[in-house]
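One structure is given here, and the rest of the page talks about it.
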Amino acid sequence: SNHSPIIFYEDRNFMGRHYECMSDCADMHSYMSRCHSCRVESGCFMVYDRPNYMGNQYFFRRGEYGDYMSMMGWRDCIRSCRMIPMYRGSYRMRIYERENFGGQMHECMDDCDSFMDRYRMSDCMSCHVMDGHWLMYEHPHYRGRMMYMRPGEYRSFREMGYGGMRFMSMRRIMDSWY
């Protein structure tokens with residue numbers, strides 16, 4: 001199809017005005033006053049309920065999201081979105097118990113469904129993503145709220161606005177998901 005990778009609609013069930021998005025969009029408000037549904041034609045995206053890739057976030061892969069607000073329990077619309085590039089290399093991440101890479105450290109190269117079970121680690125407050133793109137989750141077994149981590153240093157989840165959240169599991173965003 002000639003469509004953009006992701007199409008947002010003002011109203012539920014793909015009604016109302018729409019906006020075809022080619023890649024990242026830091027503030028959807030400049031294109032439409034509200035957004036209640038979307039269709040992912042190709043690729044994988046993170047969507048956020050605040051501008052500038054902040055607030056609650058959720059992972060969308062190819063498919064139709066006719067009423068994502070009730071599905072995700074959000075009170076607010078999608079305000080920004082980020083395209084996750086397809087990646088085929090190796091994966092490597094270091095997770096740390098404390099902020100600024102303090103406390104115990106573990107290097108991970110694959111999915112981990114429970115930091116507690118695998119590492120006896122009850123808190124994770126910073127990380128360094130060396131390779132690959134990852135999703136971190138609030139609860140074990142990839143449940144609860146999530147955060148997209150691309151390569152870089154994340155010295156303080158609290159300062160990033162995730163002060164009330166703990167991360168207890170994580171998995172790689174795999175090329176087979178595209």
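Observations on the structure shown:
- Any hit, region 25-38, residues being out of contact with any Lys or Arg (no Cβ under 9 Å at 6 or more places or on another chain) and within 14 Å of residue 66 (Cβ to Cβ): yes
- Within region 151-178, tally of residues that are at pLDDT below 95, charged (D, E, K, R), within 23 Å of residue 88 (Cβ to Cβ) and surrounded by 14 or more Cβ atoms within 10 Å (Cβ to Cβ): 0
- Listed by first and then second residue, the pairs linking a residue in region 88-116 that is in contact (Cβ under 8 Å) with a residue 24 or more places away in the chain to a residue that is in a strand (DSSP E or B) and aromatic (Phe, Trp, Tyr), with Cβ atoms under 8 Å apart and 6 or more places separating them unless they lie on different chains, are 91/134; 93/134; 102/96.
- Checking 149, 168 one by one, the residue that is under 17 Å from residue 97 (Cα atoms), in contact (Cβ under 8 Å) with a residue 40 or more places away in the chain and out of contact with any Asp or Glu (no Cβ under 9 Å at 6 or more places or on another chain) is 149 and no other.
- For region 1-37, a residue qualifies if it is of a type in the set (Gly, Ala, Ser) and either outside any loop (DSSP other than H, G, I, E, B) or in contact (Cβ under 8 Å) with a residue 40 or more places away in the chain (or both), and the qualifying residues are 1, 16, 23, 26, 30, 37.
- Subset of region 157-167 [part of a loop (DSSP other than H, G, I, E, B) and more than 17 Å from residue 59 (Cα to Cα)]: 157, 163, 164, 165, 166
- Only strands (runs of 3 or more DSSP E) whose full extent lies in region 38-135 are considered here, and the ones with at least 2 residues that are surrounded by fewer than 19 Cβ atoms within 10 Å (Cβ to Cβ) and of a type outside the set (Lys, Arg) are 54-60, 63-65, 102-108, 126-131.
- Flag if residue 68 is under 16 Å from the mean Cα position of the chain (by Cα), hydroxyl-bearing (Ser, Thr, Tyr) and modelled with pLDDT of 95 or more: no
The values are calculated or read from the model by the stated rules, or taken from the named source; none is laboratory data. Predicted model, so just to flag it, every value in this text is computed and none were measured. When we count neighbours, we look across all protein chains shown, and the Cβ atoms used for this are built from the backbone with ideal geometry, even at glycine.
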